[in-house]
1. May I ask you to list the residues in the range 190-236 that are assigned to a loop (DSSP other than H, G, I, E, B) and hydroxyl-bearing (Ser, Thr, Tyr)?
2. Restrict the check to the range 79-89 and report whether at least one residue is in contact (Cβ under 8 Å) with a residue 40 or more places away in the chain and more than 17 Å from the chain's Cα centre (by Cα).
3. Given (1) crowded, with 17+ Cβ neighbours inside 10 Å; (2) farther than 16 Å from Gly15 by Cα, identify the lone condition not met by Ser190.
4. When you look at Lys263, is it more than 21 Å from Val72 (Cβ to Cβ) and either among the small types (Gly, Ala, Ser) or in contact (Cβ under 8 Å) with a residue 60 or more places away in the chain (or both), yes or no?
5. Which of the residues spanning the range 27-39 are of a type outside the set (Val, Ile, Thr), touching a residue at least 60 places away in the same chain (Cβ under 8 Å) and in contact with a Phe, Trp or Tyr (Cβ under 7 Å, 6 or more places away or on another chain)?
6. Return yes or no: is Leu197 at pLDDT 95 or above, surrounded by 18 or more Cβ atoms within 10 Å (Cβ to Cβ) and under 25 Å from Arg83 (Cα atoms)?
7. Checking the structure you have, find out if any residue of the range 184-195 is without any contact (Cβ under 8 Å) to a residue 12 or more places away in the chain and either of a type outside the set (Asp, Glu) or in contact with a Gly (Cβ under 8 Å, 6 or more places away or on another chain) (or both).
8. Which residue is nearest to Leu220 (Cα to Cα), if the candidates are limited to the range 56-80 and must be modelled with pLDDT of 95 or more and of a type in the set (Ser, Thr, Tyr)?
Amino acid sequence: MELKNKKLFLFDIDGTVSIGDEFIDGAKELLEYIAHTGRKYIFITNNSTKSVSDYILKFSAMGLKTTDSNFVTASYAAVKYMRNKYKDGKVYTIGTKSFINELKKGGVNAVEDFDKDTACVLVGFDNELTYSKIETACRILSVTDAGYAATNPDLVCPAPFGFIPDCGSICRMINEAVKKEPVFIGKPESLIADICLQNTGLSKEETLIVGDRLYTDILLGCKNGIQTAAVLTGETDTEEIKLSSYKPDYIFNSVKDLYNAVKN
C-alpha cells in the first residue's frame, strides 16, 4: 500500500519526532496533517520515564494537543504484561517515580525495596537511577526465584548533546552480575503493535511504523508484517541499514521528508 493511503501511523518519539522538549523539523506539521485528513497516529515509545499524562503535558507545552488514545507506551504494555503474568505478586521496579506510579495505577504491586517474596524484577529506563537500585535487583535475582523483565532493549536514548544510556544498558550491568537475561516487553516485541491495531480496528496493511532504531522500531515491523520507515535523526544511519539483516521499507532523512511523501 502506498504511503498516501496509510491510515495508521505508529511513531517512536525520541529521535523520531522530538529530541528533548523540541520537535524535529516537520514533525508537528506531519502529525497535524495526519489528524486533519482523518487518519490516526499513536506514539509507541519505549521510554518509560514518563507516564501517558506526562507525555500529554509534554506535547501540550510543545504546541500539540494529544489524548490518551495517542499513546501506547512501554509502561502501558508493562502493566498489561505484569498483571497477566504475576497478578498481585510483588514486582521490584527499577524506574522513575512516574513509571512506578503508572504501574501502581494499573494495578501492579510495584515495590522499591528488597523482599524475599518478590515475584519479578522489572527494569525500565530510569534517569533517577542509583547504585542502590542496581544492588537490590542483583540481590533479588541472586537469592530468590524471581522472574526478570525489562521494558525495552534500547541501549541509548537521544539527547540534545548526543546519547545517554537507556534501559538496555542498565540491564547489561545487571546481566553481567547475575548471569541472567530479562524478558523484554516493549518494542520489538509484538504486544505494543497488537494493542494499537486492536484499539483502532485498522489492519497491518493500513499501518506504518516510523522510528530511528533498527533493532526496536524497524524489527517490530519486520516481525509482524507491518511496513516501516526509518528516519536518520536518531540512532540509525545509512551504513547501519546497509549492514542490517532487516531493512525498513522506506528511508527518510527526517519526518519532514516523510511529511512531503505522505502529502504527495
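1. First, the residues of the range 190-236 that are assigned to a loop (DSSP other than H, G, I, E, B): 190, 201-206, 212-213, 225-226, 232-236.
Those that are assigned to a loop (DSSP other than H, G, I, E, B) and hydroxyl-bearing (Ser, Thr, Tyr): Ser190, Ser203, Thr233, Thr236.
2. yes
3. For Ser190, the exception is condition (1).
4. Numbers: more than 21 Å from Val72 (Cβ to Cβ): yes; either among the small types (Gly, Ala, Ser) or in contact (Cβ under 8 Å) with a residue 60 or more places away in the chain (or both): yes.
Considered against the rule, which asks whether it is more than 21 Å from Val72 (Cβ to Cβ) and either among the small types (Gly, Ala, Ser) or in contact (Cβ under 8 Å) with a residue 60 or more places away in the chain (or both), Lys263 comes out as yes.
5. First, pick out the residues of the range 27-39 that are of a type outside the set (Val, Ile, Thr): 27-33, 35-36, 38-39.
Next, from what is left, pick out any that are touching a residue at least 60 places away in the same chain (Cβ under 8 Å): 27, 29-30, 33.
Those that are of a type outside the set (Val, Ile, Thr), touching a residue at least 60 places away in the same chain (Cβ under 8 Å) and in contact with a Phe, Trp or Tyr (Cβ under 7 Å, 6 or more places away or on another chain): Glu29, Leu30, Tyr33.
6. Working: at pLDDT 95 or above: yes; surrounded by 18 or more Cβ atoms within 10 Å (Cβ to Cβ): yes; under 25 Å from Arg83 (Cα atoms): yes.
Answer is yes for this residue.
7. There is no residue in the range 184-195 that is without any contact (Cβ under 8 Å) to a residue 12 or more places away in the chain and either of a type outside the set (Asp, Glu) or in contact with a Gly (Cβ under 8 Å, 6 or more places away or on another chain) (or both).
8. Ser69
The values are calculated or read from the model by the stated rules, or taken from the named source; none is laboratory data. Just so it is clear, the structure is predicted and the values come from calculations on it, not from any experiment. Neighbour counts run over all protein chains shown; Cβ positions are idealised from the backbone, glycine included.
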